[in-house]
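**Student:** Quick one: the structure is below, questions incoming.
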Amino acid sequence: MLECPFLFFVDDLYGVDVISETRVSVTNESQTFHWTGYGLKLYIPPDSLPAFVEQTDIVIRASLAGHYQFPENTTLVSAVYWLRCPVKFTKPVTLEIQHCGKHPGTLSFVRAKCSQKDLPYLFQPLASPRGVFSSDYGAVTLFSFSGLGIVQEGGEEQQYCARLYYFGSRIDWRVHFVVIKDLEAFVTVVHQNYIEKKAIEGPDQDIEFEED
């Protein structure tokens, strides 16, 4: 039996703004992984590795921006996740991604190749399976990985949230009201940025935008 070594990305994902990276060590036992703060979950069934492999790693990078091109008349409503693994699974792995779309019936998973050399990265709908969507997560089963995200067809209605951050002293306070997509990855990045600036976080705010 062999162990596949930790897999680094062959390139630096040129043109991609990576906000965080993690890895998941995989064996032939069933596993559940929740990337807390970044809106991704993995469910790996038992005995899903090839017969000659007893351990491997999945490398995951999260991105909120990059040189991306999505299908016409769609809007990105999730973070983009780049996943790499040196082996192909023998049983489908379930991937769940958090989204902020308002209408689950208009959502679909899109995919781009990690190995693409020219920009922009071209995301295309998954031919099969399309995915299953709840009000906050989308789930899809895969045998191999790449760049993945969720798009919404049609309008740009999305769910947003707001954060209050306070700077200063008892005498002189400054308040920043920050509106962001209602996604763990966005909240994590904004929170880390403000905490590094010694800000004090206020209560969360749920907001909705209405068209005139």
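**Student:** How many of the residues making up the range 145-157 are buried (at least 18 other Cβ atoms within 10 Å of the Cβ) and in a strand (DSSP E or B)?
**Tutor:** Summing the residues that are buried (at least 18 other Cβ atoms within 10 Å of the Cβ) and in a strand (DSSP E or B) in the range 145-157 gives 6.
**Student:** Shifting gears a bit: Quickly run through the range 26-69 and pick out the residues that are open to solvent by less than 60 Å² (accessible area, probe 1.4 Å), farther than 15 Å from R84 by Cα and small (G, A, S).
**Tutor:** G37, G39, S48, A65, G66, listed by residue number.
**Student:** I'd like the residue in the range 173-186 that is hydrophobic (A, V, I, L, M, F, W, C) and open to solvent by 30 Å² or more (accessible area, probe 1.4 Å) and, out of all such residues, is farthest from D17 (Cα to Cα).
**Tutor:** The extreme case among them is W173.
**Student:** Just the residues that are open to solvent by 60 Å² or more (accessible area, probe 1.4 Å), of a type outside the set (S, T, Y) and not in a loop (DSSP other than H, G, I, E, B), please, taken from the range 126-144.
**Tutor:** V132, the sole residue that qualifies.
**Student:** Same structure, new question: Looking at C100, is it buried (at least 21 other Cβ atoms within 10 Å of the Cβ) and either farther than 30 Å from N28 by Cβ or touching a residue at least 40 places away in the same chain (Cβ under 8 Å) (or both)?
**Tutor:** The answer is yes for C100.
**Student:** Condition first: buried (at least 16 other Cβ atoms within 10 Å of the Cβ), more than 15 Å from the chain's Cα centre (by Cα) and modelled with pLDDT under 90. Now tell me which residues in the range 105-125 satisfy that.
**Tutor:** Answer for the range 105-125, where residues must be buried (at least 16 other Cβ atoms within 10 Å of the Cβ), more than 15 Å from the chain's Cα centre (by Cα) and modelled with pLDDT under 90: just Q116.
The values are calculated or read from the model by the stated rules, or taken from the named source; none is laboratory data. The structure presented is a predicted model; accordingly, all values stated were derived computationally and were not measured. All Cβ positions, even for glycine, are placed from backbone atoms using ideal geometry, and neighbour counts span all protein chains on display. When the accessible area is computed, the model is the full protein with side chains, heavy atoms only, and any ligands, DNA or RNA have been set aside. Shrake-Rupley method; radii C 1.70, N 1.55, O 1.52, S 1.80 Å.
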